[in-house]
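Worksheet: one structure, shown below.
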Amino acid sequence: MALNNGTEAKPSVKLHARPVVATIILIGGTAALLLSMALAISVGAANISLETVWEAVFKFNPELTSHQIIRELRMPRAIACAVVGAAFAVSGAIMQGMTRNPLADPSLLGLNAGAGFVLAICFAFFPSLSYMSIMFFCFVGAALGVAIVYGVTSMAKGGLTPVRLTLAGAAVSALFVALSSGIQIHYKVGQNMAFWYHGGVAGINWQQISIIAPWIGGGLIGAIIISRAISLLSLGEDIAVSLGTRTGLIKILGLVFTLVLAGAGVSVAGAVGFIGLIIPHFARYLVGVNYRWIIPCSAVLGGLLVVLADIVARTMNPPSEFPIGALIALIGVPFFLYLAVKQRGEL
Amino acid sequence: MNPTNISVTESRRRTRAIIVMLILTILVITAFIISMNTGHIRLSPLDVVKTMFGGGTDKQHLILFEFRLPRIIISVLIGAGFAVSGAILQGLFRNPLADPGLLGINAGAGLMVTLYISFLRDNSSANLFLLPLLALGGAASAAVLIFMLAYKRHKGLLPTRMILIGVAVQAGINAAMVVLTLALDPEDYQYVSIWLAGSIAGSNWKYVIALLPWIIALIPFAMIKSRSLNILNLGDQMAKGLGTPINRDRIWLLAAAVGLAGSCVAIGGGISFVGLVGPHLARRLVGPQHQLNIPTAALLGALLVLVADTIARSFSSLPTGIIVAIIGAPYFLYLLSKTK
């Protein structure tokens, strides 16, 4: 990296950040996240006391049914929620920083639409696929969407500009959405698919977590490593270049991390993408415009939001579950609107 | 560059734009004629001409006048309406991603249709205008909600703020729609998804008459206002400096965009991709001047929807909106990869 201590010592560009607030959010948020995960494990069709939860985690006794429920059903689900929430939120933060577009979220890269398209094919032509293979194909679809968007964008003469990226993303999304709704309408699989797509993390198990966790973990660490460069990119390409950022490399890395994070998230949890739009906004509102703080804070807040939303979705009207993506949007939208209406200056 | 050079490029651009528009008009007319011949039952061009002038069998008369012609005219109107609405919005928001969907129009109309299917539908009274009116009402209320939230005293409507609020309101309405549609029975679900994908099926002359005034009134209005759209495009500071009443103009133009897209959505469902690509292609062909851009976008939109609808009704059982995206998106991507 061309960025050395010299440039850090006299920052020619001032990033308005609130490190104290950010530290509080990181510590408090992590505590709240752990607490809400414990709550998520204890609340459900059969309520289990927090004490039993503690025992099931640290003094596991395979003969107790409650321990079995916790270990096999609720723990994986709580962990999946936290991980997926963090993944979506951070991928959204990367996208918004890189494209300097407040509208950007991972779904704009053609990710969700690609996954939905492949999902429609799976439901229409291979209805007996296992959960695992559906998950795999979803990820392939997401990658396909990103690959086309990226390919089209980088083929152009001017190269990878934010505007072109978002436009290509919108067009590829429209194409895939059209193809998948064509398949859905023709083969009448729309509603079954919708149940899967909006079903969130129901039915997740340890095996799936062990597959996605390393990817998401890697993506999160990668995002934190490039966070400084993303802050600079968010100020504009020229400034970033003049401060010695290798913008080409950072953009590619950013795209790869977004794909890994959001792709893994989509293939596990379906359409919960709204997190990727609101959480980074919220984090920026709280901690300022430095992505070094925005990215980790987004991870914590995103995880927290999904864990809490999943508790509500499960307990609202048992045994049926409320679609979690819709729930997050229904809670998130008024909140987002409140922030947007209140905010001065920048908006 | 000296002034004469500018005016030379300017006039060259104008000539080019006029040629482009002429070619597009010819293409629309050609597509119109081909579309009249094509369908599940083919009519030869001679038959079409004969039927048009009063000849032809009763069956040909029925096909042409009762089924095909209204649908073709509606395709043209809807394509033009969405495209102009998109052109206004992209100009106003200075954001290339802006399309009528941002005003909550598709989402609002879709929600009303879903609500209607969920709670109100009884098959006995199939009122021709109930569903379009509900859809129009939904579209208008979503747009008004977004306006109200985005409006700021002393500052008026700020583009970025409005886009963000538009996206959020859209997401909220879509979420409500997901909850409702998951509870529908499969047949109703199918109906709603076809509506949402954008289907012109079931059109008749009454729809043509209902849609025509909106298009005839609002597209010329947008063209009259195109000068202030150009100025607004330079940025608020500049526009204010040039003495434009930015807020009043912005509100009028937004209202026009809502009227266009809302009336189109009410009749044709969610074919709004036209609203994204139409104005884009127009800008690439004739440049950013809205006087030229708006009519070109209208022609392009009309052409795209007409061709897509002809394909949709002749060769497939799919809604028109899907075909529009399948044709439009690859071409759009091709353009995007080619130009700088």
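The values are calculated or read from the model by the stated rules, or taken from the named source; none is laboratory data. Predicted, not measured: the structure shown is a model, and the values here were computed from it. As a convention, Cβ positions derive from the backbone with ideal geometry for all residues, glycine included, and neighbour counts pool all protein chains shown. These accessible areas exclude ligands, DNA and RNA; they are computed on the full protein's heavy atoms, side chains included. Shrake-Rupley method; radii C 1.70, N 1.55, O 1.52, S 1.80 Å.
Computed over region B:157-216, the alpha-carbon pair-distance distribution with 10 angstrom bins reads 17, 27, 31, 24, 1, each value a whole percent. Long hydrophobic helices in chain B: the complete DSSP H runs spanning 24 Å or more by Cα along their own axis with mean Kyte-Doolittle hydropathy of at least -0.5 are B:3-37, B:69-93, B:130-150, B:159-182, B:205-224, B:246-268, B:290-315, B:320-338. Largest GNM mean-square fluctuation among A:125, A:336, A:282, using chain A with Cα springs under 10 Å: A:125. Protein heavy-atom surface of region A:86-296, 1.4 angstrom probe: 71% of the accessible area is carbon and sulfur, with nucleic acids and ligands not counted. Against the compact-protein benchmark of 2.2 N^0.38 Å, the Cα-based radius of gyration of region A:22-62 scales to 1.41. Of the residues making up region B:180-197, those losing 50 Å² or more of accessible area when the isolated chain is joined by the remaining protein chains, with a 1.4 Å probe, are B:182, B:189, B:190.
Under 19 Å of direct C-alpha separation, and excluding same-chain neighbours fewer than eight residues apart, residue A:157 reaches these aspartates and glutamates: A:237, A:238.
Go through A:342/B:225; A:251/B:152; B:152/B:240; B:152/B:225; A:188/B:206 and tell me which ones have a Cα-Cα distance over 26 Å in this structure. Listed pairs above 26 Å: A:342/B:225; A:251/B:152; A:188/B:206. When only Cα pairs below 8 angstrom with a gap of at least 6 residues are kept, region B:3-338 shows a relative contact order of 32 percent. Using a probe of 1.4 Å, the accessible surface attributed to residue A:37 totals some 30 Å² when neighbouring protein chains are kept in position. Annotation for region A:274-318 versus region A:194-273: alpha-carbon center distance of 14 Å.
Cα centroid separation, region B:43-89 to region A:84-125: 40 Å.
Seen through its C-alpha gyration tensor, with square-root eigenvalues sorted a ≥ b ≥ c, chain B comes out oblate because a/c lies at 1.5 or above while a/b is not bigger than b/c.
Under 11 Å from a label point set 7 Å out along the Cα-to-Cβ vector of residue B:59, the amide N atoms of region B:12-48 belong to B:41-42.
If you take the square roots of the eigenvalues of the alpha-carbon gyration tensor of the protein assembly as shown and sort them as a ≥ b ≥ c, do you get rounded (a/c under 1.5), prolate (a/b over b/c) or oblate?
Taking the square roots of the gyration eigenvalues as a ≥ b ≥ c, the protein assembly as shown is oblate.
For residue A:224 and residue A:256, the difference between the fully extended length at 0.36 nm per residue and the C-alpha to C-alpha distance is 10.2 nm. Summed over both chains, the accessible area lost when A and B associate is about 3900 Å², using a 1.4 Å probe. Helices in the protein assembly as shown, meaning DSSP H runs of at least 4 residues, each add -39500 (n - 2.57). Divided by all residues, the mean residue ellipticity at 222 nm is -25000 deg cm²/dmol. Accessible surface area normalised per residue over the protein assembly as shown is 42 Å², counting heavy atoms of protein chains with a 1.4 Å rolling probe.
For a straight C-alpha distance cut-off of 16 angstrom, the aspartates and glutamates reachable from residue B:59 (same-chain residues fewer than eight places away being disregarded) are B:47.
The mean sequence separation of alpha-carbon pairs under 8 Å and at least six residues apart, normalised by the residue count of region B:108-227, gives a relative contact order of 30 percent. On region B:223-277, 62 percent of the accessible area sits on carbon and sulfur atoms, based on a 1.4 Å probe. For residue A:59, the aspartates and glutamates whose Cα comes closer than 18 Å to its Cα, not counting residues fewer than 8 places off in the same chain, are A:51, A:72. For chain A, relative contact order (Cα pairs under 8 Å, six or more residues apart, normalised by length) works out to 31 percent. Please build a GNM for chain B, connecting alpha carbons under 10 Å apart, and tell me which residue among B:128, B:254, B:303 fluctuates the most. Residue with maximal mean-square fluctuation among B:128, B:254, B:303: B:128. Springs join every pair of Cα atoms under 10 Å in this Gaussian network model of chain A, and among A:271, A:46, A:299 the largest mean-square fluctuation is at A:46.
Annotation: for a label point projected 7 angstrom from Cα along Cα→Cβ of residue B:11, residues of region B:260-295 with backbone N closer than 19 Å are B:292.
Taking a Cβ cut-off of under 14 Å around residue A:90, the surrounding Lys, Arg, Asp and Glu residues balance to a net charge of +1, with basic ones at +1 and acidic ones at -1.
Give the dimensionless ratio obtained when the Cα radius of gyration of chain A is divided by 2.2 N^0.38 Å.
In units of the globular-protein estimate, chain A measures up at 1.01.
Taking every full run of DSSP H in chain A, the ones that stretch at least 24 Å from end to end by Cα along their long axis and average 1.6 or higher on the Kyte-Doolittle scale are A:19-42, A:131-155, A:247-269, A:324-342.
Based on alpha-carbon atoms, the Kirkwood radius and the radius of gyration of region B:33-112 give Rg/Rh equal to 1.22. Neighbours of residue A:313, meaning other residues whose beta-carbon lies under 12 angstrom from its beta-carbon, give a summed charge of 0 when Lys and Arg score +1 and Asp and Glu score -1.
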